[in-house]
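The values are calculated or read from the model by the stated rules, or taken from the named source; none is laboratory data. Predicted, not measured: the structure shown is a model, and the values here were computed from it. Cβ coordinates were reconstructed from backbone atoms using ideal geometry, including for glycine residues, and neighbour counts include every protein chain displayed. For accessibility, only protein heavy atoms count, side chains too; no ligands or nucleic acids. Shrake-Rupley method; radii C 1.70, N 1.55, O 1.52, S 1.80 Å.
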Amino acid sequence: MGDALMSLLSHTNPGFIVILAGMLAYVIRGEIPRAVVTIGGPLLGLAALVLHSALSEPLATLNMMDMTFVLYQVERVSIVFGLAFLIAATVNSIFALHNKDPLQDSMALIYAGAAIAATFAGDLITVFVFWELTAVSSVFLILKSGTPEAYKASMRYLGIQILSGVLLLMGATFIMGEFGTLEFDAFISEGEGLSLQDDPGAIFLFVALGIKAAFPLLHNWLQDSYSKATHTGAVVLSAFTTKLAVYALWRFFPGEDSLIWIGAIMTVFPVFFAVIENDLRKVLAYSLNNQVGFMVCAIGIGTPLALNGAAAHAFAHIIYKGLLFMSMGAVMYRVGTTKATELGGLYRTMPFTAIFCIIGAASISAFPLFSGFVAKSLTMSAVGYEHMTIIWMMLLFASAGVLEHSGIKIPFFAFFAHDSGKRPKEAPFNMLLAMGIASFFCIWIGFPFLGGTEFLYGLLPYRDEAMVYLEQSLWTTDHVLTQMQLLVFAALAFIVLNRVKLYPPEKRGVVLDFDWVYRRPLYHALVWTGAVWNKAGPAMTGAALRLSRRVYNHIEATFSPQGELSRGPLSAGMAIWTSIVLAIVMVLALIVGPH
Amino acid sequence: MSEITPEEHTQDTRPAKHSGERYFGWTSHPKAGLYTFIFVGVLAAGLALADFFVHRHEYIHLAEFKMFYALFGFAAFGGVVLSGWPLRKLLGRPENYYEPEEETDNG
């Protein structure tokens, strides 16, 4: 019995277990049984991952319609992403324990499970199915806010996510035509992906992943939806969609040159929007763009060190970004808003949330001793080793920018700054526990001698290169010194600008971004077209009907059995002559035609 | 719907001296800003000085200059923050810009 269970677990995609837990969570109404399912599901998924029986070979397949679907295949890189997803799913379930909402619990787990299942899928159709499932399930986490704005944002979100899935399917169709199969082993291997120039269909796949990764100009769904999700929903959303896209980019497009610039631009532009954004959850969404940019850039560089950097950064980021969203989720839950203009001084009654937020902020800012430092250093070094000066400068600039919006702005304006006079209760115990676990990972991974850095580096796809970097480069005096110089002087700039009143005060309002194009001019153009059609349509339809009636009448009067051409001997003669001409043409064709 | 209204959480029933002041109360001291400035200033000066004693291995030539990271961090952060003034004028709009018929509130 025990062996059979072990065998079953070792061949089961952990994502399926989490999805099943999600379905059960909707049906089970008792609070404690539902808590057992929502936390136990991801933990059982973790057990399944630990027990996986083989690397880089199909562990579960399904044959259907003359095709083989690889439902479970474990690669080294999928372990990094899958493990981070499973940890995030577990922590998120704890964070949401106070929610008495079966639908949200269920959708959060199905969404997480779909992302995990896609991470361990071995063919494009299986990825497509779970890709779309992430879109359909996650939209409920926005919808459940229950506001009109959330409804509209969720529809925009769903539209663009489904578009991503359709493009993925188009890409898959081309790849099927080119390779005759959709199994990954036939067209990609670790570190070797598709070519945008040589593989038709790759461009569709690239854009599909670009939408989910929130490439520049395709990024606004992220700020639009995450800031309007429920206080627990935003935490869940922050972990999966963009990182699933990063995983897919890692598998399909490692070393794709264009990703270097796309990633670098992604790191830089959100910094400017974040500085003037008032809604702190939107600031975190911009920050998410910025962080994913580092990963995308590293994938574009494509060296073992850079690819390790992308995977390590994703692992650390899933946890510390979740922690920051949790801290803002706790503020949202207790205060009802995350707008900087309405917050401040919350440390008085929410000190533990403040401490956890500071740990998340230190991690994302890549302060030595925190997880961001050990993860981001790989990418920065990889760029340096390739002597890409401009890209390196952009990433360094973005590193200072991260400190501005996530390292200082988030904790400072929420918990310190001016006293808003609000005295909310501390976050509930389950929220504090979840934030505590996430904080533990941030420190454990980043602090030397605790074993966390070795654990993370040991998981990385190119383990030997990671271990060499750990021994020779990570904790060197000059590396720690330069990182501290960058951050401390950036912090000094904040203090100086704040003291001389040059730091722009927080102000209520929205910040225009690229979504203005489709929410304003494009939307108004469509509304105008509709109005014009409503007015001109009936008149145009009437004129067209009258014209077609007259043409029909003429044709009928000429060619019908009662028409002009059917009267008298002419029609019979025409029929005979037509037959004669046709016969001549056929005979000529037989004589002079090709033999 | 499990969302709890903010009003249910706006009042802390504990005594006026809040627990958080034990850990962070110093931040509300009138001189806290000055002390923080001095502390960070001294730390920054120490790190800048250390640059003259620690040999750095750089792969980007530009970074070989003394105090490159310090100056870059200060300038980048300052530039980003100062850009906020014109950017807000250029891109800032009233809160109900997209949905004037509805009063927007967070969430």
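Restricting the range A:406-446 to residues that are of a type in the set (A, V, I, L, M, F, W, C) and outside any helix (DSSP H, G or I) leaves a set whose member that is nearest to A:Phe494 (Cα to Cα) is A:Ala417.
Would you confirm whether any residue within the range B:90-103 is assigned to a helix (DSSP H, G or I), facing another protein chain (nearest Cβ under 7 Å) and surrounded by 12 or more Cβ atoms within 10 Å (Cβ to Cβ)? Yes, there is a match, as at least one residue in the range B:90-103 is assigned to a helix (DSSP H, G or I), facing another protein chain (nearest Cβ under 7 Å) and surrounded by 12 or more Cβ atoms within 10 Å (Cβ to Cβ). With respect to A:Leu196, is the statement that it is open to solvent by 20 Å² or more (accessible area, probe 1.4 Å), part of a loop (DSSP other than H, G, I, E, B) and within 30 Å of A:Tyr151 (Cα to Cα) true? Spelling it out, it is not the case that A:Leu196 is open to solvent by 20 Å² or more (accessible area, probe 1.4 Å), part of a loop (DSSP other than H, G, I, E, B) and within 30 Å of A:Tyr151 (Cα to Cα). Is it the case that the range A:396-405 has a residue that's facing chain B (nearest Cβ under 10 Å) and either open to solvent by 20 Å² or more (accessible area, probe 1.4 Å) or assigned to a loop (DSSP other than H, G, I, E, B) (or both)? Yes, some residue in the range A:396-405 is facing chain B (nearest Cβ under 10 Å) and either open to solvent by 20 Å² or more (accessible area, probe 1.4 Å) or assigned to a loop (DSSP other than H, G, I, E, B) (or both). Considering only residues in the range A:427-440 that are open to solvent by less than 40 Å² (accessible area, probe 1.4 Å) and in contact with a helix residue (DSSP H, G or I) (Cβ under 6 Å, 6 or more places away or on another chain), the one that is nearest to A:Leu487 (Cα to Cα) turns out to be A:Ser439. Filtering the range A:455-482 to residues that are in contact with a Pro (Cβ under 6 Å, 6 or more places away or on another chain) and within 10 Å of chain B (Cβ to nearest Cβ) leaves only A:Val480.
Of the residues making up the range A:150-161, those that are buried (at least 16 other Cβ atoms within 10 Å of the Cβ) and more than 14 Å from chain B (Cβ to nearest Cβ) are A:Tyr157, A:Leu158, A:Ile160, A:Gln161.
Can A:Leu497 be described as open to solvent by less than 30 Å² (accessible area, probe 1.4 Å), at pLDDT 90 or above and more than 12 Å from every other protein chain (Cβ to nearest Cβ)? In short, no.
To keep it simple, each residue is scored yes or no on (1) open to solvent by 80 Å² or more (accessible area, probe 1.4 Å); (2) assigned to a loop (DSSP other than H, G, I, E, B); (3) at pLDDT 95 or above.
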{"site": "A:Arg29", "(1), (2), (3)": "yes, yes, no"}
{"site": "A:Ile32", "(1), (2), (3)": "yes, no, no"}
{"site": "A:Ile39", "(1), (2), (3)": "no, no, yes"}
{"site": "A:Ser56", "(1), (2), (3)": "no, yes, no"}
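The number of residues in the range A:247-299 being open to solvent by 10 Å² or more (accessible area, probe 1.4 Å), in contact (Cβ under 8 Å) with a residue 60 or more places away in the chain and either assigned by TED's automatic domain parsing to the domain that holds A:Val331 or not in a helix (DSSP H, G or I) (or both) comes to 4. Here A:Leu209 fits the description: buried (at least 23 other Cβ atoms within 10 Å of the Cβ), away from chain B (no Cβ under 14 Å) and of a type in the set (A, V, I, L, M, F, W, C).
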